[in-house]
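The values are calculated or read from the model by the stated rules, or taken from the named source; none is laboratory data. Since this is a predicted model, take the numbers as computed values, not measurements. Please note: Cβ atoms are built from the backbone with ideal geometry, for glycine as well, and neighbour counts cover all protein chains shown. Side chains are part of the model used for accessible areas, which takes the heavy atoms of the whole protein and leaves out ligands, DNA and RNA. Shrake-Rupley method; radii C 1.70, N 1.55, O 1.52, S 1.80 Å.
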Amino acid sequence: MRRKYLLSAAMLSILLATSACGAATVSPNSSPEPARLADAGVQVSSSSGPEIGTSQRAAAADAKAAKAKAGAAKAKALAAAKAKSGEAAKAKANAVAKAAAEKASVEQMAVARSTAAKKTAERSAAKASSAAAAAKRVTPVPAVPKPAPAPIQPASSEKVVNTAYTTAYTWYDNTPVGSASISHPVLHRTAGGTGTYADPITIAVGHSLATGRDVLDFPAGTRIYLPDVRRYFIVEDTCGDGNDPENGPCHQGTNAQGTNSTLWIDMWIGGQSVDAGGADNCAGRVTDVHTAVFNPASNYVVAPGAGVIHDGKCDAGYGNSLLRK
């Protein structure tokens with residue numbers, strides 16, 4: 001036992017000596033030949049030493065770090081791409097929604113215009129219909145309210161006088177001058193009328209104050225027809241002035257101006273549409289003895305035109321013949 005142990009120790013010494021000699025002849029960067037070391041019973045490591053192991057570990061760490069960095073960059077790029085894709089999708093959705101809203105607004109405006117046009121047309125039609133209906137039911141209204149007319153006299157009560165002295169008064173010589181004032185209004189508030197039976201012209205007659213009251217020669221409201229001017233008249237005014245009207249020419253009326261007349265009547269011919277000279281000339285034309293019908297029938301011929309003086313002319317000289325419609 002002891003000899004075996006000593007032999008083993010001797011062999012170990014030889015191996016160590018041999019290893020030392022080998023180490024002296026081998027350069028630091030070279031490694032012992034594996035076969036020789038194996039033959040010597042020494043186990044040979046494949047590692048090239050402590051420095052080589054450290055470098056490999058550092059390289060591995062760098063590679064791992066680079067890989068991790070590349071992974072992070074890739075993840076970041078993916079996230080950025082995903083975010084950009086999300087923004088593009090959002091922008092597209094917003095554009096679609098905006099287009100839909102604009103289309104709906106345009107359609108709504110079109111509907112509103114159509115409705116407004118329809119309502120305007122309906123209002124125009126209603127207005128036209130109302131105007132047409134109003135035109136059908138228009139009722140003429142007299143411009144000036146008129147008093148109640150005198151009772152219509154039947155033809156059997158009329159009286160024809162062939163010796164009536166007729167004169168005329170105008171806007172320029174009325175009392176007061178430049179007016180149409182009358183003393184006994186019946187149908188008119190002032191002197192006027194067109195000359196029809198329904199709207200006779202104002203005429204003045206003589207009067208008297210002998211009884212203390214103003215008494216007309218013919219009652220107010222009496223109608224008179226004068227064929228020479230082809231118009232109806234109505235007693236609404238007084239002919240003559242002064243303190244003794246019964247002594248005036250209109251009241252006397254007999255043989256006026258030596259004409260063998262039996263009464264005197266003074267017709268209103270207006271004259272506002274002509275000058276004073278034109279009015280006087282027309283008054284001269286109607287001054288003479290003429291036929292007069294008192295309480296006449298309503299069917300005598302009436303000349304056209306409003307009044308004796310109308311449209312700038314004096315409408316007289318038809319004669320004394322009585323013409324009926």
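For the reader, a short list of remarks on this structure follows.
- Any hit, region 211-224, residues being in contact (Cβ under 8 Å) with a residue 24 or more places away in the chain, within 19 Å of residue 288 (Cβ to Cβ), buried (at least 17 other Cβ atoms within 10 Å of the Cβ) and not aromatic (Phe, Trp, Tyr): yes
- Hey, residue 292 assigned to a strand (DSSP E or B) and either of a type in the set (Phe, Trp, Tyr) or closer than 11 Å to residue 230 by Cα (or both) or not: yes
- Cβ-Cβ contacts under 6 Å between residues 6 or more apart (or on different chains), taken from a first residue in region 290-305 that is in contact (Cβ under 8 Å) with a residue 12 or more places away in the chain to a second residue that is of a type in the set (Ser, Thr, Tyr) and not in a loop (DSSP other than H, G, I, E, B), are listed as 290/166; 293/225; 295/157; 296/225; 300/225.
- Those residues of region 276-289 which are part of a helix (DSSP H, G or I) and either among the charged types (D, E, K, R) or without any contact (Cβ under 8 Å) to a residue 24 or more places away in the chain (or both), in sequence order: 277, 280, 284, 285
- Answer residue from region 175-194, given it is at negative phi and free of Cβ contacts under 8 Å to residues at least 40 places away in the same chain and is most open to solvent (accessible area, probe 1.4 Å) among those: 177
- Residue match in region 304-324 (condition: under 16 Å from residue 223 (Cα atoms), out of contact with any Pro (no Cβ under 8 Å at 6 or more places or on another chain), open to solvent by 20 Å² or more (accessible area, probe 1.4 Å) and assigned to a loop (DSSP other than H, G, I, E, B)): no
- Each residue in region 195-210 was checked for being touching a residue at least 60 places away in the same chain (Cβ under 8 Å), of a type in the set (Ser, Thr, Tyr) and part of a strand (DSSP E or B), and 1 pass.
- For residue 197: the one exception among (1) open to solvent by less than 50 Å² (accessible area, probe 1.4 Å); (2) under 14 Å from residue 266 (Cα atoms): (2)
- When every residue of region 291-298 is checked against the conditions, at least one turns out to be open to solvent by less than 70 Å² (accessible area, probe 1.4 Å) and within 14 Å of residue 168 (Cβ to Cβ).
- Under the condition of being touching a strand residue (DSSP E or B) at 6+ places or on another chain (Cβ under 8 Å) and over 21 Å from residue 238 (Cβ atoms), the residues counted in region 262-275 number 2.
- Tabulated pairs, region 158-173, first touching a residue at least 40 places away in the same chain (Cβ under 8 Å) and more than 17 Å from residue 203 (Cα to Cα), second outside any strand (DSSP E or B) and of a type in the set (A, V, I, L, M), C-beta under 7 angstrom, 6+ apart or interchain: 158/297
- One residue stands out among those in region 232-275 that are open to solvent by less than 10 Å² (accessible area, probe 1.4 Å) and assigned to a loop (DSSP other than H, G, I, E, B): the one that is modelled with the lowest pLDDT, which is 253.
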